[in-house]
Ligand SMILES: [Zn+2]
């Protein structure tokens, strides 16, 4: 499906074709926000597609910072270093989804360290959680959202705090009281999610959300009382204390739906960051650090120049490495025929058979793509089907690449829809050229020759564009 206004957009894009990949490289800032007058926060002005684009570019920017701060970890090579077996790095285009991705690169698959891998994994986990809840409710059950926290302060050591917190949680689950809790209240299963935030005032705040799947309805008052007492005792066994918020049960179904809808989404990345970062800086400037940072919000602040958070992110990176973020109680997934999948599985799952390689980059030039910081922008051009701009943009940076054989692709040209018949590199013009057969011949001729930058890919060979 191609939106009705593609033609117009295409013409506009042609006219305003961005010169180099490099000049829109850094953060997308400026294209994403408009600076308010008198130092006021930038005003968001762009439509949803533009915001999503900005968020994708932002993830690459944040990943750069995380890679710099965690040089010994997998993230330092994630989507940078080719895999040992890949002959070249490929840019793949999925016309039906207007998306693009790389093939042949290492990925760190870390939900904790990497904004790009985390976004991919969370998106699938979100679907998994939503399906489980839906199936359980359809079977007559109900689901409740609970939160476990502990008292903490700014002097706590994160590693020690998380270890004790998780031991306490395990004690509660596996102990006599936890088992009785499940039995007495008809608990079919649980899903726990480990999270952490940090604030200047109160330090690290590890906590766990737990979705509780019960048969029928839950006696919420009684459950809350019993669970809170069990948690209090388990925490005390690890020298931890809590206030009245140590255990919270949310009574509305909406809370569960809301949590799942937001799961893995990062306001600091997905929203217009300008507003967020301005607020962040404001707090820092005023010395009022009551703001609670998620780790990626911390990364966003670091990217915006709040360097004093760097050691905090590094501490977090060390402590959370390799930990499990989500814990499904045994049997819950089986009950609803959800496959057991690791984060690695989720990353490696193929993106669907309609992904086509449209560009190849040898390993040496690829290292230039990384160094010149244009990984994100290159994909943006690819996802728009602007193969010629990909090649030309790289060339302007002195980076060699090779478009795939595009014969048979349906394209938009200045004269309308067409199919690519031949393509070649013109040694005189130093440009890729293609001849196309117009689908609606004009002026008696159905053939045209264009520079590759003048055409936009919309459908692969053998596929038909839906009107
Ligand atoms: Zn990664």
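The values are calculated or read from the model by the stated rules, or taken from the named source; none is laboratory data. Owing to the predicted nature of the structure, the values given are computational and were not obtained by experimental measurement. Methodologically, a virtual Cβ is constructed for each residue, glycine included, from the backbone with ideal geometry; neighbour enumeration extends over all protein chains shown.
Couple of notes before you dig in:
- Set side by side, the residues 132, 69, 62 differ, and just one is outside the structural domain of residue 406 (by TED's automatic domain parsing), within 18 Å of the chain's Cα centre (by Cα) and farther than 30 Å from residue 412 by Cα, which is 62.
- Yes/no for residue 111 being within 16 Å of the ligand (Cβ to nearest atom) and closer than 30 Å to residue 240 by Cα: yes
- Residue match in the stretch 171-193 (condition: outside any loop (DSSP other than H, G, I, E, B), within 16 Å of the ligand (Cβ to nearest atom) and under 28 Å from the mean Cα position of the chain (by Cα)): no
- Helices (runs of 4 or more DSSP H) lying entirely in the stretch 207-273 (those with 1 or more residues that are within 20 Å of residue 328 (Cβ to Cβ) and at pLDDT 90 or above): 220-236, 253-262
- Test set (1) in the same structural domain as residue 206 (by TED's automatic domain parsing); (2) touching a helix residue (DSSP H, G or I) at 6+ places or on another chain (Cβ under 8 Å); (3) in a helix (DSSP H, G or I) - residue 143 fails condition number: (3)
- Test: residue 154 is over 20 Å from residue 330 (Cα atoms) and surrounded by fewer than 21 Cβ atoms within 10 Å (Cβ to Cβ): yes
- Residues that are out of contact with any helix residue (DSSP H, G or I) (no Cβ under 6 Å at 6 or more places or on another chain) and surrounded by 17 or more Cβ atoms within 10 Å (Cβ to Cβ), drawn from the stretch 57-76: 64, 73, 74
- A single entry from 119, 130, 84 fulfils the requirement of being assigned to a helix (DSSP H, G or I) and either closer than 30 Å to residue 318 by Cβ or within 10 Å of the ligand (Cβ to nearest atom) (or both): 119.
- Criterion (surrounded by fewer than 22 Cβ atoms within 10 Å (Cβ to Cβ) and either within 16 Å of the ligand (Cβ to nearest atom) or without any contact (Cβ under 8 Å) to a residue 12 or more places away in the chain (or both)) met by exactly one of 51, 103: 103
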